[in-house]
Structure formats: structure tokens, C-alpha cells
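Nothing in this text is a laboratory measurement; each read-out follows from the coordinates by a stated rule. Because the structure is a prediction, the values reported are computed rather than measured. All Cβ positions, even for glycine, are placed from backbone atoms using ideal geometry, and neighbour counts span all protein chains on display.
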Amino acid sequence: MIADLAQNDALTFEHLATILAPPPKRSLADEVLERLRDAILRNELVRGQQLREQEIAESMNVSRGPVREALNQLEREGLVIRRRKRSALVAWLSREDLEEIYTLRNSIERLAVTYACRYATPAHLAAMQAIVNAMASSVESGTTEEESADLDLRFHDILYQSSQHERLIALWSRLRPQCYLLLLNRNAANPDFIETSASGHQEIVDVLRERDEERARSVIEHHVRFAYETVLARQH
């Protein structure tokens, strides 16, 4: 009996040692990337602004190498555009960009909710519900465009995590920054929009609880289409 308990304790310790291992060390390029990405998403670096490696390196007191790596990654994420002579500009979303983001997101979110219907745990559903509750509360308390976009993406982060589809999650992480830029163009601080958005996200949670894959795909298609059409309406 005691031997069995000791063995279980050892297994528990080994398990904890695996999941609670020290976080990997972040490289200098990772630090530069995070700060540049955040500045772009917070509109501190505005659309079309030129990003010069030397100026960024000097302001951050780093060499040009980490800055170059960070800009390359931001280009892959769609937040930076490279021009001739390798100059970089903060990206902007054209009508064609919006169309591509919408069509891709529509496809991968249909897959995400399909898998979420199968594999979402009570903890995933509770986490999504908590975010929907925060959205609903902000109807009365008020919110900013950035806060509304943050809540929206945090909800979809959990949705993708609940799919337990690793490659799908990785694809979402690549598309996520561009979706954030799109969400900032929805007039998301408007109380009427916040209420509609909270209702739409609640519908997603409800259908996931029902494990109805066909209806889940229909709900998510409507949800993504609504976000896309809202952005288009603001551009006219």
C-alpha cells in the first residue's frame, strides 16, 4: 500500500516536472518582435509608417540583427510590408486583404467548431462563457476598440484550443494579428455592437454545449460573415 502510494507520488512529481518546467529563454529577437507587434496593434506605429532597421535598433539599444529577424516575422504575420531595397512599412488592410482574411477564417473556423464540438472540455466552455459574460458586462460599463478586440480574440483563442487540433491552432496563431487589425475597424466600442457581439458569441457557446456539429458550422459562418460585413460597412 505504502509502496503504491510512493510510486503514485513519484509519477505525480514526474508529471509536474514536465508541465511546470522552466519556460524557454526568450531571445532578443523575440523581445523586439513582441514590442513592435504590440506597437502596431495598438496603433502606436500607424499604417504606412516606415520602419527603418537602424532607427529601431538605436531606439531599443540593440543591434540590427534582432530587428531584422523581428521585421521578417512581422512580414510573415501580415503586419509589415517589404518594399524595394528591403524597406519595411506598417501594413494596412486593403479590400482584397479583407476578402482573403474573411474567406480563410471562415474555412478554418468551421473546422475549429467541428472539432470543438467533439473535444471541448467543461473548462474550455467555462472559459468561453466567462469571456461572453465580460462582453455583456461591458455593454453598460463601456469599453474601447482595443478592449473589445482583445475579448473577441481571447474567445476565439479558447475556441481553437478546445479543438485540440495542433496544426489548426498554429494556423490561427499566424492569422490572429491580421484579424486583430480587422476587428479594430468594426466600431466595436458602440454599445449596440457590443450587445450584438456578446449575443453572437453566446450562441457559439450554446451550440458547442449541444455538440451539434452541423448547427455549429452554420452559427460560425454567420458570426464570421457579420464581422466581415461590419468592417466593409465602415469603409464606405
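A convex hull fitted to the Cα coordinates of the range 32-117 yields 116 cubic angstrom per residue. A Förster distance of 25 Å, applied to the separation of the beta-carbon atoms of ARG174 and GLU146, puts the FRET efficiency at 0.75. Cβ crowding within 10 Å ranks LEU71, LEU41, LEU51 as LEU41, LEU51, LEU71, fewest other Cβ atoms first. Ellipsoid fit via the Cα gyration tensor, the range 80-182: semi-axes of 28, 20, 11 Å, each the root of five times an eigenvalue, largest first. Here the Debye sum runs over all C-alpha atoms of the range 102-236 as equal scatterers in vacuum, and log10 of I(q)/I(0) at q = 0.19 Å⁻¹ comes out as -1.09.
Modelled label positions at ALA136 and VAL62, each set 7 Å beyond Cα in the direction of Cβ, lie 4.2 nm from each other.
Among the trypsin sites (Lys or Arg not before Pro) found in the range 199-228, those both in a DSSP coil and sparsely packed, with 13 or fewer other Cβ atoms within 10 Å of their Cβ, are ARG211. Around the amide H of LEU51, modelled in the peptide plane, lie the amide H atoms of ALA88, LEU89, VAL90, all under 5 Å away and 5 or more residues distant in sequence or on another chain. Computed from label points 7 Å out along Cα-Cβ, the spacing between GLU55 and ARG95 is 3.1 nm.
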